[in-house]
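A short worksheet on the structure shown next.
Readers should treat all values here as calculations from the given coordinates under stated rules, not as data from a laboratory. Note that the structure is a prediction, hence the values are computed from the model and not measured. Here the Cβ is made from the backbone with ideal geometry for all residues, glycine too, and neighbour counts use every protein chain on show.
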Amino acid sequence: MKIGKIFKHLRKSKHITLQEAGQGIVSTPFLSRFENGLTDISFTHLLELLNRINVQLSEFEFLYQRQNTDNNDQLPNFQRAYQAGDVKKLQEYLLVWQKRKGKFAQLQAIQLKMMLVTLGKGKVSKRELSVLTAYFQSINNWTFFELYLFGHAILFLKVPVMLNLFKELQKKELIYEDFRNDNFSMLFYIYNNVILRMLDERFLDTAETLVTKLEKYFKDQDKDYYHRTRLFNLKGLTLYLKGQKKIGLSLIKKANLITYLTDHEESFLWNERAYLKKYLTPKELDTVFDFSDSGY
């Protein structure tokens, strides 16, 4: 749906005529053509028209995105295919973006390749990783795209490079930090992946420092149970690997129990068990996934 049709929907829902909406801003014939997708409009005039019908730009953007997600916001489509393990769909997306030209298309293709690699398919070259690194180092303002791209790159970049970029990220401006809700989830996802990478590399002190920063950063954020659960899990695994096994296992079990009681997808717990198998003994695994004493 084009922006003109979105504007028309909002205007008519408020029972405002074409003449009333456009008076002193654009002509009635022009506004009619715009609403019917026959002509474009300047951003300045669009803002004036939205102000005339008492609609905030953020409201207009939200409605536009909701109506056009499949065509204009590819990242959620990529993520759905990735989470579902749909290699075929990701390969189809990759073929599309490999045929397109420009830096953005190249970055999208690299991102899709990284998703495929983690699913056991494809390959990312050293040159492509160099392109990624150079891109991250060149930008000053990180939007949702950069956060998403970096989140997938964490497992592919060399640790010193990845950590340096992560530190730079924390200094840089996040344009939509307080506006777009999914930026919160993406920032959390990045912290999560960096901490897991540090644990895997046995940089335990660094992991512990990041867990503490993550707790502090999101302390006042009233978010869903999933993020709180992940915090329990990350802190628990960090403490466990640092030798505080009892409290560590307790936090990991708490995280798993919350997931179990909230009827999260069963595959999520199986994936958690498969991951923790790298660190915990078989007996410890059984303990943190034993919910028989939960009362449910």
> Amide H of residue 122: which non-local residues (sequence gap of 5 or more, or other chain) have their own amide H closer than 5 Å, using H built in the peptide plane?
Replying inline: none
> So how tilted is helix 74-83 from the main axis of the chain? Cα-based, degrees 0 to 90, rounded to 10.
Replying inline: 30 degrees
>> If I compute Rg and Dmax of the Cα atoms in Å from the structure I just sent, which labelled value in (1) 18.7, 55; (2) 23.5, 75; (3) 20.0, 64 lines up?
In response: (2)
> Can you flag which of 103/167; 113/242; 171/235; 101/126 are past 29 Å Cα-Cα?
Replying inline: 113/242
> Going down the list 158/253; 253/278; 254/278, which pairs span over 22 Å between their C-alpha atoms?
Replying inline: 158/253
> Once you charge only the Cβ atoms, +1 for Lys and Arg and -1 for Asp and Glu, what is the size of the charge dipole of the range 19-152 about its Cα centre, to the nearest 20 debye?
Replying inline: 980 debye
> Where the only charges are on Cβ atoms (+1 Lys, Arg; -1 Asp, Glu), what is the dipole of the chain about its Cα centre, to the nearest 20 debye?
Replying inline: 860 debye
> When Lys and Arg each count +1 and Asp and Glu each count -1, what net charge do the other residues less than 13 Å away from residue 159, Cβ to Cβ, add up to?
Replying inline: +2
> Calculated from DSSP H runs of 4 or more alone, at -39500 (n - 2.57) each and per residue, what is the 222 nm mean residue ellipticity of the chain, nearest 500?
Replying inline: -22000 deg cm²/dmol
> Just going by the charge dipole of the chain, with Lys and Arg at +1 and Asp and Glu at -1 on Cβ, which of 26, 129, 285 is farthest out on the positive end?
Replying inline: 129
> Taking the Cα centre of the range 3-70 as origin and charging only Cβ (+1 Lys, Arg; -1 Asp, Glu), how large is the dipole, in debye to the nearest 20?
Replying inline: 240 debye
> If you take the charge dipole of the chain about its Cα centre, with +1 on Lys and Arg Cβ and -1 on Asp and Glu Cβ, which of 91, 147, 203 is farthest toward its positive end?
Replying inline: 91
> To the nearest 10 degrees, how steeply does helix 245-261 sit against the main Cα axis of the chain, on a 0 to 90 scale?
Replying inline: 40 degrees
> Within the range 204-293, which GluC sites (Glu not before Pro) sit in a loop by DSSP and count at most 12 neighbouring Cβ atoms inside 10 Å?
Replying inline: 265
>> Explain nothing, just compute: Karplus ³J(HN,Hα) = 6.51 cos²θ - 1.76 cosθ + 1.60, θ = phi - 60°, for every residue of the range 31-38 in order, whole Hz, x for Gly and Pro.
In response: 4, 5, 5, 4, 5, 9, x, 9
> What residue among 165, 268, 64 has its Cα farthest toward the positive end of the dipole of the chain, where the charges are +1 on Lys, Arg and -1 on Asp, Glu, each on the Cβ?
Replying inline: 165
